[in-house]
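The values are calculated or read from the model by the stated rules, or taken from the named source; none is laboratory data. None of the values given here were measured: they were computed from a predicted structure. Heads up, the Cβs are rebuilt from the backbone with ideal geometry, glycines too, and the neighbour counts pull from every protein chain shown. Please note that ligands, DNA and RNA were not included when accessible areas were found on the heavy atoms of the full protein model with its side chains. Shrake-Rupley method; radii C 1.70, N 1.55, O 1.52, S 1.80 Å.
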Amino acid sequence: MDGRPAALVVSIGRNRVTLAADDFADLVAGQLDRSYRLATVILGSAMEAEDAVADAAFAAWRGRGKLRATDRFEAWFSRIVVNVCRDRLRARRRRPVVEMPAVDVRSGSPDGEPDFRDGVHARDAMSRAFETLEPDERIVLVLRFWQDLSVDTIAERLGIPSGTVKSRLHHATGRLRTSLTVREVRR
Amino acid sequence: MSEETFERDLRAALAMRDPGPAPAHLEAVVRQRLATDPRPRRLQIVATPLASIALVAAAVIIAIVVSRPIEVGPGSAPGPSTLPHQIAPGDGVVTDVPQPITQAVTALIACAVLFLTALQASRRRTRIGASLAALLILVVCVTIGTSDALGDAGMFGVTPTREPGEGETGAVLSVTGDDAFTVLVSLRNTSRLPLTILGIADGGTIEVGSGPGAMATLPRFAGVGFFPGMELNLATILPFHPRALDPGAEVHLALRGLAGTCAVATRPPSNDASYEIREVPLVYEQLTITHTQTIRFVESIHVPSRMPCP
C-alpha cells in the first residue's frame, strides 16, 4: 500500500472507480435493506419499492462512471434511490391511482369514526396526510425524521442548498399540520 | 397539536411505513437486472437531458463553422494600411448572399430536441430550462432579420459635388462620364447583438435600353472602404474588410460610386435629365445569419446626365 485510502487505490484515471459487474452487484447488495426500506417509506408501497430499488441499481450501473470512490457508494446510491422514488411519485401523479377505502377494524369511537385521541389513529391520520405531500416534501421529511439526517447532510445527499432543505421542511410540516387540522374539523 | 406531539406522531407514522429487511428475492432480482444490461449504447449520451442540450450546442457550433466563410469581394481581406487607399471596383462587394438553410435546419432540430427533453425530463429545473431554451431559439429565429440592425449615425457626405442649381435639391454630383464619386455614411449598430458588416450587395452593371448602340451604365456603387473618422478626406480611406460592430458601435463607410456613362458635370439643359440615388444595399451577418439591409441616405444624391445618352 502506498498510504492512500483504500477507496482511492482502486480509483484510476481522474479518480473514477472502475468496477466489475460482480463487484458492483456486491456493493448494491450491501445497500439493499437500507435502500428498500427508504424507498418503501417514501413511496408507501413495498411492491413499488422493490421495483424502485431494481431501477436504481440499474441506473447506478449505467452511471457508475460518475462514482468517485467506493466509500461514497452508500450516499451516491441512496441519492439515486431517492431520485427514482421522486420520478415514480411524479409519474403516479400523472397516472392517478384510485384509492380503495380502508376498512378500519381497530377500536374507535362508537359511531365508527376514528378517534384521534388514540395514538394509532393519530399516526394513521398523519400517514394519510403524508400521502398528500409533494414528492420533494415527502423526501426531505423521510430523510429528516426517519433517517435522522441533519439538514446539511440532506442537502449534500440531494445536491441542493441547505436553505432549500429548510424551506421544504417548513412547507412540508406546514402542509401536514393543515391537512391534519382539516381532517379533525371534518370530523 | 404541540410541536413535540407532532414530531412524535410524524416519526411514528414514518416508522409504521418501514417494512423491515428487504425480501430475499430482491437481491436475485437486482443481480439479474444488472446481468441483463446490454453493452453501452452508442447513443446513450443523448439519453440524459444535459447531454441532449450539449449535443444541440455542438450542432449549433458546427452550423456556425459550416456556414462560414461568406464570399466577399477582393478587398475583403485585411489589407495594408498604407495611405491613401484607392477603392477598387469590387472591394467589399458581396457577390453571393447565402440563405440560412443550415441555421434553420439546426434551429428546428435544436427546438425538437429541447422540446422532447422538456417533455421527458424528470427534473422540473431541466424541464423549465429546456422549454425556455426552445422558446428562446424560436423567438430568435422568428424575430431575427425582421428588423434592421443598422441605423443612421448622423454623418453623411458626398464628393465631388457642386452647388444645387435652381430647382435642384439634395447633393448634386459634379462628374463626367463614368467617373467615380465617394459617399460617406456613418452607421450604428442599433440592435442588442453584435454584427459583422460584410460589404455592399452586388447590384451588377445596370444597362439602359436594348439593342446595339443603346447600352449605357447607370450610376451605381462599385466598392466600399472605411473612413477612419467622420471627416470626408479621401486620403484617409482604409481598405475594406468585414468589420464587427458591437451594439451601439459606429462605423464610417466610404462608398465608391461610378456615375454612369451619361453623367455630366454641369447642369443639363433639362431639369429632368438627372438620376437619383437614395439608398445602398448593405450586407451584414448576425448570429451566423446574413441580412441585406437597404440603407437610405439622409438626402438623395443627384447625378446630372445628358439625355438622350449617346
Once amide hydrogens are built 1.01 Å from N within the peptide plane, the residues lying 5 or more places from B:V158 or on another chain with amide H under 5 Å from its amide H are B:L184
Here, B:D179 and B:I109, labelled 7 Å along Cα→Cβ, have an inter-label distance in nm of 5.6 nm
For the A:D87, B:R125 Cβ pair and Förster radius 22 Å, calculated FRET efficiency rounded to 0.05 is 0.95
Inter-chain shielding metric for A:30-36, i.e. average beta-carbon neighbours from other chains within 10 angstrom, reads 4
The long-range amide H neighbours of B:D202, using H built 1.01 Å from N in the peptide plane and a cut-off of under 5 Å, are B:V94
Per the rule of 0.36 nm per residue minus the C-alpha distance, extending B:V142 to B:E4 adds in nm 43.8 nm
Between chains B and A, the summed loss of accessible surface on complex formation, probed at 1.4 Å and reported to the nearest 100 square angstrom, is 3700 Å²
Here segment B:273-280 yields Karplus 3J(HN,Hα) values (6.51, -1.76, 1.60; θ = phi - 60°; whole Hz; Gly and Pro given as x) of 7, 8, 8, 10, 10, 10, 7, 9
Taking r as the C-beta separation of B:R192 and A:D23 and R0 as 51 Å, the FRET efficiency to the nearest 0.05 is 0.40
So, with points 7 Å from each Cα along the Cβ direction, the A:E131-A:D71 label distance in nm works out to 4.3 nm
Residues whose built amide H sits under 5 Å from the amide H of B:L245, excluding neighbours closer than 5 in sequence, are B:L195, B:T196, B:I197
